[in-house]
Every structure is written in structure tokens, then in C-alpha cells.
Amino acid sequence: MTQFTTGALQSVIVTSNGNLGGIFTKRMASSSIEAGIVATVAPLSLPLTTSDFKNTSSIAAITIPKSASASFSNSYVAAYTINTASLGSVSMTNNTSPGTAFGIAAHKVSLATLFVQQGGNKQVHVTNPATNAVFDNVLTAKGITPADFEVARGVSRLVVTWRLASPRAPRGLPLPVWRADAGFPLPAVRR
Amino acid sequence: MVASLGNVSNETLQSAVRINTLTLRSGSTRAGVGSIANSGEVTAPQIGTFTIAHDASVNMQVGSVTTMTIRGTLSNSTIYLTTPLTP
């Protein structure tokens, strides 16, 4: 989907096997937008591990303007890559089920911007937070108490598994399997 | 195919071919509402432009949608885009 525009999203589940482009809505409540997430992850929840991503789908941008009341609440946005997430005024607490995490989960969130009403209307701006703990540190530095809303959530690097064929591999033995957590350089292979 | 509909309620729209433009406008029975109600479904391999003039509640399963615009509130809906990521 190249462009998805709504006045508001209320109890909506958007599931895509591929990329999503620009998403614009004035309010998002009790909804989820997911791209490339495996079916075992319930729609109104966040992916927790690398195996919850079935491909490298991306969300180009989600834009929600800030408002007097919460414009983003009890909602979930997930993809392998989220380029820009501008969520407007965010309710930090899950009003539907307090204590349950909601927010954004991705391998990489390039840029996330939100406003929080705690002791004033505070703007939070984070660039590619490695984990949710990093995001929480940004909140704390702003005098905001972290709660159920999360960004990144420590969903780390996609595990890539592949086989390397070796011309010297003895016949009948399985080929070596290398695992790399998207880390390079690859292990040296003697030929 | 181009389809322009008024108020739609509890209807199913199934298309075996791509829908270039699907437009729902406000109806007379519910002023200001152009909707496919909860049990209504849209199924098509592709939709180019899908526009709903006002509030909507729609369940749809399509290969892909290029542009989707709901000018009102989209509620109690499920949108499933099935086309897989291509390298």
C-alpha cells in the first residue's frame, strides 16, 4: 500500500505481507498496523523476537498530528524497518489493559517523534534507539515516567541462516550451516 | 473496473479482477455515512484507489491497494494485504 489516509482509526487491524508506504491518521486507538510479521503474533501485540519477523518489510512513515487529547493510544505499529514514526500526543499508559506493552516494535526505527503530557506538553525525539531501555532513558531525561508505551523493545537483529557449499565437503555429510546475526565479516571459509 | 457506490451495508464485494477505482459515497439512509458495515467484505486481487467519503467499517482481503483514503473514521475493521514482499 503506497498511501493510507484516514480521519481516525478505532479498533482496526491492518496486516500486510509486504511494504507499507505513508500512513496518515488524526487518531489511532486500539488498533494495529503490521507489515511482515508472522501470524503467530497476535494483531494487538508487539513482536518480541527476531523470529516474529517473516521478512524485511518496511513502513515508510506513520504520521499522527498532536492533539489536546491522546492521538495514539493502546495501539501497535510493527515492521522490520519503520523509517519515520510521528505519533502525535501519546498516552503512555495502556488504558485498555494497564501493564500491557504497546507502541512500536521494529528492527530499526529510524526516527520517532511524540508528545507526552506530563508536566507540560513535552516533545520526545529519538533516532534509531537500540532497545526500549534506550528509549526509556530518553523519556527519563525529559522528566517523563516510562510506562506501557514502548519503542523498539529490544527486537534485535534478524538472524540469517544459510548454507555454504564447500567443494571439499565429504560426500554424505551435511553442508556446514553458518549463522550470522546480520554481523559481518562472515567467518573465513578455507577452500 | 471502476465502481462507484452509495451507502453500502452488510454487503460482500468479490472481484476476480483488479478494481482500478472503488468509491463509496454518503447515502441517504444514514446521512453523512458511506460505509460497508461490519459483516461486509471486499475481496479482490488488487485495488488501485479505494476512497470512502465518510465513516466506514470494512473487512477486506486484497493482494494490494495502492491508495486508500477514508475521510471519516475507520472502525472495527480488518485489512489484510496478501501480496508478499518481493526482493
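Does region A:23-45 include one or more residues that are at pLDDT below 95, away from every other protein chain (no Cβ under 14 Å) and touching a strand residue (DSSP E or B) at 6+ places or on another chain (Cβ under 7 Å)? Checking region A:23-45: at least one residue is at pLDDT below 95, away from every other protein chain (no Cβ under 14 Å) and touching a strand residue (DSSP E or B) at 6+ places or on another chain (Cβ under 7 Å). Just one of the listed residues (A:SER86, A:SER67, A:SER16, A:SER75) is touching a residue at least 24 places away in the same chain (Cβ under 8 Å), more than 10 Å from every other protein chain (Cβ to nearest Cβ) and more than 16 Å from A:ALA152 (Cα to Cα), and it is A:SER67. The listed residues are B:THR43, B:THR49, B:THR21, and the only one of them that is modelled with pLDDT of 85 or more and within 10 Å of chain A (Cβ to nearest Cβ) turns out to be B:THR49. Just one residue in the set A:ALA8, A:ALA42, A:ALA61 is touching a residue at least 40 places away in the same chain (Cβ under 8 Å) and among the small types (Gly, Ala, Ser); that residue is A:ALA61. Beta carbons closer than 6 Å, at least 6 apart along the sequence or on distinct chains, pair a first residue in region A:109-127 that is of a type in the set (Gly, Ala, Ser) with a second that is part of a strand (DSSP E or B) and surrounded by 15 or more Cβ atoms within 10 Å (Cβ to Cβ) for A:SER110/A:ASN83; A:ALA112/A:ALA85; A:ALA112/A:VAL126; A:ALA112/A:VAL151.
Of all residues assigned to region A:132-140, none qualifies as being assigned to a strand (DSSP E or B) and either free of Cβ contacts under 8 Å to residues at least 40 places away in the same chain or under 24 Å from A:ILE37 (Cα atoms) (or both). In region B:56-82, the residues that are within 7 Å of another protein chain (Cβ to nearest Cβ) and outside any strand (DSSP E or B) form Cβ pairs under 8 Å with partners that are crowded, with 20+ Cβ neighbours inside 10 Å and of a type outside the set (S, T, N, Q), at six or more places apart or across chains, as follows: B:THR82/B:VAL62.
The values are calculated or read from the model by the stated rules, or taken from the named source; none is laboratory data. The shown structure was predicted, so the numbers you read here are calculated from the model rather than taken from an experiment. Note: ideal-geometry Cβ built from the backbone for every residue, glycine included; neighbour counts use all protein chains shown.
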